[in-house]
Amino acid sequence: MMLVNKITGRSLLDLIRSGYFDLIYPNFVSESVDAGLKKVEVFFGTKPNVYGSNIDAFKKIRDAIFVISKGSSIINSLNIAVPHTHWEGQNPVIYKFQEEFNRYVIGHHEPDVNKTYFPASFVFSEQEVLPYEWLEYNTNINEEEFSLIYAFLIELHQEVACNKWPLGINIDFRYKKTLFEESIPTVEIPLENEDLDGFAFIQKYADFILSSDGSDHTEQVAWSAISELSYKLNNDELNVLRSLRSKMSELKSDSEREKFLNTFLS
């Protein structure tokens, strides 16, 4: 069955009832953020830093994406992720867009048989690309762009699946007018009300920082998929970039990294 494609709500229900969860959990998708990060740490011997630059697999995935895409803007549509879930149960993890609040909500929604769903997060088995989160159709979706990404992921699978890395790929769609524009950083905020208790809404990171007095206690689970190859730097320039990232990755917050960078550039 071709899983890397849009799917009807009825077919998604049938997929889940067929035992699909037993295939992806916990072999490919961990039951929590902590479990996912621990799996990565055990496999690579370290946790990824804020840039993912301390783990060679990140570089190899990024370089493969760059080469397959021929350096096109498709690289802006993907993130490297630690596959995990926050929810238990037999409903799939689905993003819904709430137009009245202009926000995405994620959680264990039961598929609507009258709706269409687009795979949005993936892991790689040796045989195929396996989705583990879906996006419910909304007017922000450009079906042609998603189809291009799905075809691209099948090519990427051929390059990286044999490594059996405990990493996944997310489509970076949140609050973007097109998948191919630059990323808009986001965080997931738990919702607490009768109807959506246990779910989370997606907030732009800049808004989150403003609303939390600049403090950030979130755990990073996704990283840019943009390769150093896209910068077209010579070896000396790359060494400066890598040294700078190494130093900045030791700092604890975005504000510290911004201050350091401003001092470095002044």
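Consider the range 80-91 and keep the residues that are modelled with pLDDT of 90 or more and assigned to a loop (DSSP other than H, G, I, E, B). The one that is surrounded by the fewest Cβ atoms within 10 Å (Cβ to Cβ) is V82.
Residues considered: P26, P111. Of these, the only one that is without any contact (Cβ under 8 Å) to a residue 40 or more places away in the chain and either out of contact with any strand residue (DSSP E or B) (no Cβ under 6 Å at 6 or more places or on another chain) or not in a loop (DSSP other than H, G, I, E, B) (or both) is P26. Comparison of F146, F124 shows that the only residue that is closer than 22 Å to S73 by Cα, surrounded by 14 or more Cβ atoms within 10 Å (Cβ to Cβ) and either more than 17 Å from the chain's Cα centre (by Cα) or of a type in the set (A, V, I, L, M, F, W, C) (or both) is F146.
Scan the range 20-60 residue by residue and report those that are on the phi < 0 side of the Ramachandran plot, touching a Phe, Trp or Tyr at 6+ places or on another chain (Cβ under 7 Å) and of a type in the set (G, A, S). Across the range 20-60, the qualifying residue is only A57.
Within the range 127-143, the residues that satisfy the criterion of being surrounded by fewer than 17 Cβ atoms within 10 Å (Cβ to Cβ) and charged (D, E, K, R) are E128, E143.
Residue-level check: of (1) within 17 Å of the chain's Cα centre (by Cα); (2) modelled with pLDDT under 90; (3) among the polar types (S, T, N, Q), T178 misses just (2).
What pairs can you find where one residue is in the range 116-127 and touching a residue at least 40 places away in the same chain (Cβ under 8 Å), the other is polar (S, T, N, Q) and surrounded by 18 or more Cβ atoms within 10 Å (Cβ to Cβ), and their Cβ atoms are less than 8 Å apart, with a gap of 6+ or different chains? Filtered contacts from the range 116-127: A120/N170; S121/N170; F122/N170.
Taking the criterion of being of a type in the set (K, R), out of contact with any Leu (no Cβ under 6 Å at 6 or more places or on another chain) and farther than 19 Å from K115 by Cβ, would at least one residue in the range 4-16 satisfy it? Looking for residues that are of a type in the set (K, R), out of contact with any Leu (no Cβ under 6 Å at 6 or more places or on another chain) and farther than 19 Å from K115 by Cβ, one finds none in the range 4-16, hence no.
When the range 153-183 is filtered for residues that are in contact with a strand residue (DSSP E or B) (Cβ under 8 Å, 6 or more places away or on another chain), closer than 14 Å to F28 by Cα and surrounded by fewer than 17 Cβ atoms within 10 Å (Cβ to Cβ), only A161 remains.
Across the range 248-266, the number of residues qualifying as assigned to a helix (DSSP H, G or I), exposed (fewer than 13 other Cβ atoms within 10 Å of the Cβ) and not hydrophobic (A, V, I, L, M, F, W, C) comes to 5.
Residues that are outside any loop (DSSP other than H, G, I, E, B), touching a helix residue (DSSP H, G or I) at 6+ places or on another chain (Cβ under 6 Å) and touching a residue at least 40 places away in the same chain (Cβ under 8 Å) do occur in the range 131-143.
The values are calculated or read from the model by the stated rules, or taken from the named source; none is laboratory data. Fair warning: this is a prediction, and the values are worked out from it, not measured in the lab. Here the Cβ is made from the backbone with ideal geometry for all residues, glycine too, and neighbour counts use every protein chain on show.
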